[in-house]
Every structure is written in C-alpha cells, then in structure tokens.
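A.B. asks: Below you will find the structure I want to go over with you.
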Amino acid sequence: AQKITQTQPGMFVQEKEAVTLDCTYDTSDPSYGLFWYKQPSSGEMIFLIYQGSYDQQNATEGRYSLNFQKARKSANLVISASQLGDSAMYFCAMRVLGGGSQGNLIFGKGTKLSVKP
Amino acid sequence: SQTIHQWPATLVQPVGSPLSLECTVEGTSNPNLYWYRQAAGRGLQLLFYSIGIDQISSEVPQNLSASRPQDRQFILSSKKLLLSDSGFYLCAWSSLRGGDTEAFFGQGTRLTVV
C-alpha cells in the first residue's frame, strides 16, 4: 500500500533563513509523482512543486526545491529565504501512475511551518 | 483555462439530515476527480476518486457516497449526516494525459454537523 509520512507536526524558522520539511514515501510501483502543497489558514490548497520518479534532477520552483533521494524514498521540501507569508501547513503527496490505484493521490498529515520575524 | 468550482463554501447541518456537495470543472475533459476530507488541524483523507463517468472508487467505508453523472461534475452525498462528518471537504481534479500533473483544488466546503 502507498503511504506518505511527514514526521514534523510543526516547524519554526527565522525569517530569511532556509528550512527543510521532511517527507518519506512508500510504494512498490516504479512510476509515481511527488507533490508539495501549501495550505494557508484560508484553507485553499496551493501547488508548489512536482517531482517525477524518473526525473534525473531535483525539481526547483523559485524559492522551493525538492531534495529527491530515490533510494531513501524521501522527497524533502527546501524553502530558501523564508518569508512571513510562508507560514502555513505544508503537505507532501504522492500519485502512483500504474496498477489498480492509478491516479490515486494520497497526502501526508502535514507540517505546520511558522516563520518568525 | 481550467477552473474548478465547489459549493457551498460553508454549511451547517443537523444530525440525520441529508448532504449534497457539488463540484464542477471547466476547461478540460475526462479529468480525474477527487473528494477529500480534512479534520481540524489534520491531513487530507481521500474519500473518493473517479477516473470517468459513473466510475467511482471509495477509499474509506463511511456513510458518504459520491456520484459522477457527467464528465466534469462530481457530487458528494449522504442520506443521514453524523457528527463525525464535520470537517473541511475539498474537491480536486487532475489530468494524466501527457504525463503526470498536479491536482487543482476547489475552495473547499466547511461542514459543521450539529
């Protein structure tokens, strides 16, 4: 069965510093995608970054980068130069692209990030 | 461009009453559609997903049901709500054509069962 684990319920970071949010996943399928979403207090889910299982390079999107370590089955999100507006819940998610659960998108329990001024 | 609409934004319903939440997608065809529930301060729990009309997969046994009467319409229903059904419900869509893409979410419905 597929599973996403986020072990950090909450994280604090000083404004302008970098922070890493951990995510590990479990799947036996070779083809999958990994996602990170941000959920501010308003509740909307904002897509941040995507990494495919066959991608050779780590994904980057502006201040967001994904540290993809396939052998360890980890997909940590790195936010550089934190801003006050980065304070939110962050969710790691996975979609398996084959087998009976094709298209099934599952989420971890999330990490609450608080940026301190 | 593609958009997703979910309504209502908030809902207060008594225990035992029925429920119908609707989600529609515009600007795409044959999307994968999802219903998630998020309890306060918790992660997203996948309730249902659909890869086509009348093709619904249930992930969690419960008193909720989902239907997809049209390609871009996804409905979450209950005949009798329970207190435990309270939560934040999110509809989402994604497309697997041309490779994997992110899922796009609606604004969510905050349901309180009293």
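The values are calculated or read from the model by the stated rules, or taken from the named source; none is laboratory data. The shown structure was predicted, so the numbers you read here are calculated from the model rather than taken from an experiment. Please note: Cβ atoms are built from the backbone with ideal geometry, for glycine as well, and neighbour counts cover all protein chains shown.
A.B. asks: I'd like the full set of residues that are facing chain B (nearest Cβ under 10 Å) and assigned to a loop (DSSP other than H, G, I, E, B), limited to segment A:1-40. Explain how you work it out, then say what you get.
C.D. replies: As a first pass, look at segment A:1-40 and keep what is facing chain B (nearest Cβ under 10 Å): A:4, A:6, A:9, A:31-37, A:39.
Result: A:GLN6, A:PRO9, A:SER31.
A.B. asks: Here is a further query. Among the residues of segment A:84-102, how many are more than 14 Å from A:MET11 (Cα to Cα) and either modelled with pLDDT of 95 or more or within 15 Å of the chain's Cα centre (by Cα) (or both)? Steps first, please.
C.D. replies: We begin by selecting, within segment A:84-102, every residue more than 14 Å from A:MET11 (Cα to Cα); these are A:85, A:92-102.
With the extra rule that they be either modelled with pLDDT of 95 or more or within 15 Å of the chain's Cα centre (by Cα) (or both), the set shrinks to A:85, A:92-95.
Counting residues in segment A:84-102 that are more than 14 Å from A:MET11 (Cα to Cα) and either modelled with pLDDT of 95 or more or within 15 Å of the chain's Cα centre (by Cα) (or both) gives 5.
A.B. asks: Can you name every residue in segment B:32-87 that is modelled with pLDDT under 95, in contact with a Gly (Cβ under 6 Å, 6 or more places away or on another chain) and over 19 Å from B:GLN107 (Cα atoms)?
C.D. replies: B:ILE51
A.B. asks: On to the next question. With the requirement that a residue be more than 12 Å from chain B (Cβ to nearest Cβ) and assigned to a loop (DSSP other than H, G, I, E, B), what does segment A:41-73 give you?
C.D. replies: Scanning segment A:41-73 gives A:GLN56, A:GLN57, A:ASN58, A:GLY62, A:ARG63, A:LYS70, A:ALA71, A:ARG72, A:LYS73.
A.B. asks: Continuing with this model, one more query. Looking for whichever is of a type in the set (A, V, I, L, M, F, W, C), closer than 20 Å to B:ASP85 by Cβ and surrounded by fewer than 17 Cβ atoms within 10 Å (Cβ to Cβ) here; the options are B:TRP35, B:TRP7. Which one fits?
C.D. replies: Details: B:TRP35 fails: surrounded by fewer than 17 Cβ atoms within 10 Å (Cβ to Cβ).
None of the others qualify; the one that does is B:TRP7.
A.B. asks: Starting from segment B:68-85, take each residue that is aromatic (Phe, Trp, Tyr) and list its partners that are surrounded by 11 or more Cβ atoms within 10 Å (Cβ to Cβ), counting only C-beta distances under 7 angstrom and pairs at least six apart or across chains.
C.D. replies: Once the first residue is aromatic (Phe, Trp, Tyr) and sits in segment B:68-85, its partners that are surrounded by 11 or more Cβ atoms within 10 Å (Cβ to Cβ) give B:PHE74/B:CYS23; B:PHE74/B:LEU33; B:PHE74/B:TRP35; B:PHE74/B:SER50; B:PHE74/B:ALA66; B:PHE74/B:ARG68; B:PHE74/B:CYS91.
A.B. asks: Is it the case that some residue within segment A:61-68 is of a type in the set (Asp, Glu), farther than 19 Å from B:ALA103 by Cα and over 10 Å from the mean Cα position of the chain (by Cα)? Give the derivation first.
C.D. replies: Of all residues in segment A:61-68, those of a type in the set (Asp, Glu) come to A:61.
Now restrict to residues that are farther than 19 Å from B:ALA103 by Cα: none.
Checking segment A:61-68: not a single residue is of a type in the set (Asp, Glu), farther than 19 Å from B:ALA103 by Cα and over 10 Å from the mean Cα position of the chain (by Cα).
A.B. asks: Just for segment B:38-85: of the residues that are of a type in the set (Val, Ile, Thr) and buried (at least 17 other Cβ atoms within 10 Å of the Cβ), which one is nearest to B:GLY16 (Cα to Cα)?
C.D. replies: Start the filter on segment B:38-85 by keeping residues that are of a type in the set (Val, Ile, Thr), which leaves B:51, B:53, B:56, B:60, B:75.
Next, from what is left, pick out any that are buried (at least 17 other Cβ atoms within 10 Å of the Cβ): B:56, B:75.
Details: B:ILE56: 24, B:ILE75: 19 Å.
Checked segment B:38-85; the qualifying residue nearest to B:GLY16 (Cα to Cα) is B:ILE75.
A.B. asks: On to the next question. Go through segment B:32-50 residue by residue and tally those that are more than 10 Å from chain A (Cβ to nearest Cβ) and not in a strand (DSSP E or B). Explain how you work it out, then say what you get.
C.D. replies: We begin by selecting, within segment B:32-50, every residue more than 10 Å from chain A (Cβ to nearest Cβ); these are B:35, B:37, B:39-40, B:47-48.
In the following step, the residues that additionally are not in a strand (DSSP E or B) were identified as B:39-40.
Qualifying residue count, segment B:32-50: 2.
Results for (1) of a type in the set (A, V, I, L, M); (2) surrounded by fewer than 16 Cβ atoms within 10 Å (Cβ to Cβ), shown as yes or no for each residue.
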| residue | (1), (2) |
| --- | --- |
| A:PHE68 | no, no |
| A:LEU77 | yes, no |
| A:GLN83 | no, yes |
| A:MET94 | yes, no |
| A:LEU105 | yes, no |
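A.B. asks: Got a sec? Which of B:THR101, B:THR28, B:THR24 is more than 9 Å from every other protein chain (Cβ to nearest Cβ), surrounded by 15 or more Cβ atoms within 10 Å (Cβ to Cβ), of a type outside the set (Lys, Arg) and in a loop (DSSP other than H, G, I, E, B)?
C.D. replies: Numbers: B:THR101 fails: more than 9 Å from every other protein chain (Cβ to nearest Cβ); B:THR24 fails: in a loop (DSSP other than H, G, I, E, B).
From the options B:THR101, B:THR28, B:THR24, the qualifying one is B:THR28.
A.B. asks: Can I ask one more? Of everything in segment A:74-97, what is out of contact with any Ser or Thr (no Cβ under 8 Å at 6 or more places or on another chain) and part of a loop (DSSP other than H, G, I, E, B)? Give them in sequence order.
C.D. replies: Result: A:ALA81, A:SER82, A:GLN83.
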